[in-house]
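*Asks:* Below are the structure tokens for one structure; questions will follow.
The values are calculated or read from the model by the stated rules, or taken from the named source; none is laboratory data. Values in this document were obtained by computation on a predicted structure and should not be read as measured data. Backbone-built Cβ (ideal geometry, glycine too); neighbour counts: all protein chains shown. Protein only, heavy atoms only, side chains kept; ligands, DNA and RNA dropped before computing areas. Shrake-Rupley method; radii C 1.70, N 1.55, O 1.52, S 1.80 Å.
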Amino acid sequence: MALWQTERVRALLRAAGHETVTVQIKTTGDLAAEVPFARIGSRAIFTKQIDDALLEGRIDLAVHSLKDLPTQLPDGITIAAVGSREDPRDALVGRAALRWSDIPQGGVIGTSSLRRRAQLLHARPDLLVADLRGNVGTRLAKLDAHPEWAAIVLATAGLVRLDLGDRIGERLPPELMLPAPGQGALAVTVRATDTAVAATVRQVVHDPVAAVPVAAERAFLHRLEGGCQVPIAAHAEASGSGGKPALRLHGRVISTGGDAMVEGHEVGRAADEAEAAALGCVLAERLLTDGAGMILAGARAAGAPGVSEP
């Protein structure tokens, strides 16, 4: 998936007359592919080594899945562009065509995401959730090798981009499985001082249609995180045209066991990323008042895992 994303950005830059060279960097998440996220203990497991390479000048830009980027980036690094967004929904994948209504009582579903686990258990407390790590191909292979598993949950965007859309049984509706903030979008980071590279990347790669909604989602996440990793989900959609389209943000905070959930919507007009981010903060503050603060406090008291796939 990382290579596909990198080549996508390279193709855009090449079309605009800018040649680049790919540098592959292994991250903690790649090197510890069989270790449960909760035991790794770092929020930046998919970005630290890449950030180091950027700050040391070994690379000039980095391509990420936006959902994997921490909301607080290291000093000296900034997001130069948010690329076009693929379908942000999560996908239910079985060995054959499978829908949510087909999952049997007590069925086993694989995922390494606390967000997905919590929402699965909130909707169906009878389900058993198995930890699932690895790239998309590895996860599909593990599903095929475990006949006792009913299904796994993956991001629709990754499956579509890798031409594996035929494996999708159902694209889960947000009412059931709200996506991770930024899911389906690409991000390009650069050194904050490298204004020339940042300007080029923004001109060639940046998609404001995608960037405005995800700014609301990431601001919502940033306000709620508070140093504690808990299941947080958000999705924003823009509608209308003109200089200030309407933005509708849906946010959700769920306890790790799925037994408690607080969610809400915020609607407003946002002409740019700053106004969208303000909308995200408004919803986060309201959910904190409505009970999300108690869920966050409970997760801290229980020692929630320090890291999870979004």
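*Asks:* Checking V136 against (1) within 21 Å of A97 (Cα to Cα); (2) more than 20 Å from the chain's Cα centre (by Cα); (3) open to solvent by less than 40 Å² (accessible area, probe 1.4 Å), which test does it fail?
*Replies:* Single failed check for V136: (2).
*Asks:* Given the criterion among the hydrophobic types (A, V, I, L, M, F, W, C), crowded, with 18+ Cβ neighbours inside 10 Å, part of a helix (DSSP H, G or I) and under 16 Å from the mean Cα position of the chain (by Cα), identify the matching residue among L224, L288. Give the derivation first.
*Replies:* Values: L288 fails: under 16 Å from the mean Cα position of the chain (by Cα).
The unique qualifying residue is L224.
*Asks:* Just one of (1) at pLDDT below 95; (2) surrounded by 22 or more Cβ atoms within 10 Å (Cβ to Cβ); (3) within 18 Å of the chain's Cα centre (by Cα) trips up L296, so point out which.
*Replies:* (3)
*Asks:* Of these, T71, T78, T138, which one is of a type in the set (S, T, Y) and assigned to a loop (DSSP other than H, G, I, E, B)?
*Replies:* Values: T78 fails: assigned to a loop (DSSP other than H, G, I, E, B); T138 fails: assigned to a loop (DSSP other than H, G, I, E, B).
From the options T71, T78, T138, the qualifying one is T71.
*Asks:* Which one of L221, L178 is under 30 Å from A302 (Cβ atoms) and touching a His at 6+ places or on another chain (Cβ under 9 Å)? Spell out how you get there, then give the answer.
*Replies:* Values: L221 fails: touching a His at 6+ places or on another chain (Cβ under 9 Å).
Exactly one of L221, L178 is under 30 Å from A302 (Cβ atoms) and touching a His at 6+ places or on another chain (Cβ under 9 Å), namely L178.
*Asks:* Check segment 120-129 and report whether any residue there is outside any loop (DSSP other than H, G, I, E, B) and without any contact (Cβ under 8 Å) to a residue 40 or more places away in the chain. Steps first, please.
*Replies:* Our first condition is that a residue be outside any loop (DSSP other than H, G, I, E, B); within segment 120-129, this holds for 120-123, 128-129.
Imposing the further condition that a residue be without any contact (Cβ under 8 Å) to a residue 40 or more places away in the chain reduces the set to 128-129.
Taking every residue of segment 120-129 in turn, at least one turns out to be outside any loop (DSSP other than H, G, I, E, B) and without any contact (Cβ under 8 Å) to a residue 40 or more places away in the chain.
*Asks:* Let me ask another. Give the residues of segment 142-172 that are over 21 Å from R8 (Cβ atoms), within 17 Å of the chain's Cα centre (by Cα) and open to solvent by less than 30 Å² (accessible area, probe 1.4 Å), sorted by residue number.
*Replies:* I152, V153, L172, listed by residue number.
*Asks:* From (1) more than 17 Å from the chain's Cα centre (by Cα); (2) modelled with pLDDT of 90 or more, pick out the condition that doesn't hold for A32.
*Replies:* Checking A32 against (1) more than 17 Å from the chain's Cα centre (by Cα); (2) modelled with pLDDT of 90 or more, the one that fails is (2).
*Asks:* Looking at (1) modelled with pLDDT of 95 or more; (2) more than 17 Å from A276 (Cβ to Cβ); (3) over 18 Å from the mean Cα position of the chain (by Cα), which one does L247 not meet, given that it meets all the others?
*Replies:* (2)
*Asks:* So how many residues does segment 161-210 have that are farther than 18 Å from P310 by Cβ, outside any loop (DSSP other than H, G, I, E, B) and at pLDDT 95 or above?
*Replies:* The number of residues fulfilling the criteria is 20.
*Asks:* How many residues, within segment 267-285, are in a helix (DSSP H, G or I) and open to solvent by 60 Å² or more (accessible area, probe 1.4 Å)? Spell out how you get there, then give the answer.
*Replies:* Going residue by residue through segment 267-285, those that are in a helix (DSSP H, G or I) are 273-285.
Now drop any that are not open to solvent by 60 Å² or more (accessible area, probe 1.4 Å), which leaves 273-275, 282, 285.
The number of residues fulfilling the criteria is 5.
*Asks:* Is one or more of the residues making up segment 70-77 at pLDDT below 95, within 20 Å of the chain's Cα centre (by Cα) and closer than 30 Å to A123 by Cα?
*Replies:* yes
*Asks:* OK, next. Among the residues of segment 104-118, are any part of a helix (DSSP H, G or I), open to solvent by 60 Å² or more (accessible area, probe 1.4 Å), within 22 Å of R252 (Cβ to Cβ) and of a type in the set (D, E, K, R)?
*Replies:* In the first step, residues of segment 104-118 are kept if they are part of a helix (DSSP H, G or I); the result is 114-118.
Pick out the ones that are also open to solvent by 60 Å² or more (accessible area, probe 1.4 Å) and you get 117.
From the residues that got through so far, the ones that are within 22 Å of R252 (Cβ to Cβ) too are 117.
Restricting the remaining residues to those that are of a type in the set (D, E, K, R) gives 117.
Within segment 104-118, one or more residues are part of a helix (DSSP H, G or I), open to solvent by 60 Å² or more (accessible area, probe 1.4 Å), within 22 Å of R252 (Cβ to Cβ) and of a type in the set (D, E, K, R).
*Asks:* Out of everything in segment 80-103 that is touching a Ser or Thr at 6+ places or on another chain (Cβ under 8 Å) and open to solvent by less than 50 Å² (accessible area, probe 1.4 Å), what residue ends up being nearest to H206 (Cα to Cα)?
*Replies:* Filtering segment 80-103 for residues touching a Ser or Thr at 6+ places or on another chain (Cβ under 8 Å) gives 80, 86-91.
Of the ones still in play, those that are also open to solvent by less than 50 Å² (accessible area, probe 1.4 Å) are 80, 87-88, 90-91.
On the way: A80: 8, D87: 17, P88: 18, D90: 24, A91: 26 Å.
Among those that are touching a Ser or Thr at 6+ places or on another chain (Cβ under 8 Å) and open to solvent by less than 50 Å² (accessible area, probe 1.4 Å), it is A80.
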